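Working notes for the structure below.
The values are calculated or read from the model by the stated rules, or taken from the named source; none is laboratory data. Small disclaimer: the values here were computed from a predicted structure and weren't measured. Because the Cβ atoms are built from the backbone with ideal geometry, glycine has one as well, and the counts that use them run over all protein chains shown. Side chains included, ligands, DNA and RNA excluded: accessible areas come from the protein's heavy atoms. Shrake-Rupley method; radii C 1.70, N 1.55, O 1.52, S 1.80 Å.
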Amino acid sequence: MEPVRRKALVDAALRVIGDHGSLAVTMSDIARQAGVSPALAHHYFGSKEQLLIETIRSLLRQLRSDTVAALKAARTPRARLSAVIRVSFHADQFAPETIAAWLAFYAEAQRSEETRRFLVIYARRLRSNLLANLKALLSTEAAERIAEGAAAMIDGLYIRQSLKSAPIGIEASIALTEDYLNALLATAFPSPRKEKGRPHRTTQGQMT
């Protein structure tokens, strides 16, 4: 039962943090949500801090697992970019309590070096996944610039979603990020156009 109960406590921690909107929760709050005693929660995790660290680990593991599966299913660099974007706004990751928990962890990272380290891992993975596929389409310099912009846009849309007065849905967030990528990729690879005032050859060699 230990793996089941540990997962139940991690899931409960995520819900409680989401409800409170901060990490200012107690082990008793989490244990009550999980339907176990505080003593059992302490038995499995030792302290609230360790349970919270396991909670953020769980979020990162799920995100990584979803990303790996999505990338394997995509056939081209452009399709893999879309896969990364869609996974970032997957229903599980975009759930209100999950977004609230991520924001709470970002706030905690200002005080906790361990929490900050996990968030740096997330940021590096996102950038790496975007950059690897952009480099297959663009120069390194352009790929790095667009990867930074796309990652910032994804994180920014998370913050916007936390504003209850102006929420942005999953599909709208995906569309906005895709529009950003499409616009910059189109700039990097403009469609062929005739230059004004200059003749162009047809396939038969005639001037037009």
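The table below gives the values:
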{"read-out": "Answer from 15, 32 - the residue that is touching a residue at least 60 places away in the same chain (Cβ under 8 Å) and open to solvent by 80 Å² or more (accessible area, probe 1.4 Å)", "value": "15"}
{"read-out": "Residue among 16, 4, 10 that alone is part of a helix (DSSP H, G or I), in contact with an Asp or Glu (Cβ under 7 Å, 6 or more places away or on another chain) and more than 29 Å from residue 85 (Cβ to Cβ)", "value": "16"}
{"read-out": "Residue within segment 53-67 that is buried (at least 20 other Cβ atoms within 10 Å of the Cβ) and over 22 Å from residue 123 (Cβ atoms) present", "value": "no"}
{"read-out": "Selection count where residues are free of Cβ contacts under 8 Å to residues at least 24 places away in the same chain and farther than 21 Å from residue 88 by Cα, scope segment 35-62", "value": "10"}
{"read-out": "Hits in segment 137-178 (condition: of a type in the set (A, V, I, L, M, F, W, C), open to solvent by 70 Å² or more (accessible area, probe 1.4 Å) and closer than 14 Å to residue 82 by Cβ)", "value": "176"}
{"read-out": "Residue within segment 15-24 that is over 24 Å from residue 118 (Cα atoms) and of a type in the set (Ser, Thr, Tyr) present", "value": "no"}
{"read-out": "Residue count for segment 70-109, restricted to those that are under 23 Å from residue 11 (Cβ atoms), open to solvent by 30 Å² or more (accessible area, probe 1.4 Å) and assigned to a loop (DSSP other than H, G, I, E, B)", "value": "3"}
{"read-out": "Residue tally, condition more than 17 Å from residue 46 (Cα to Cα) and within 26 Å of the chain's Cα centre (by Cα), over segment 24-34", "value": "1"}
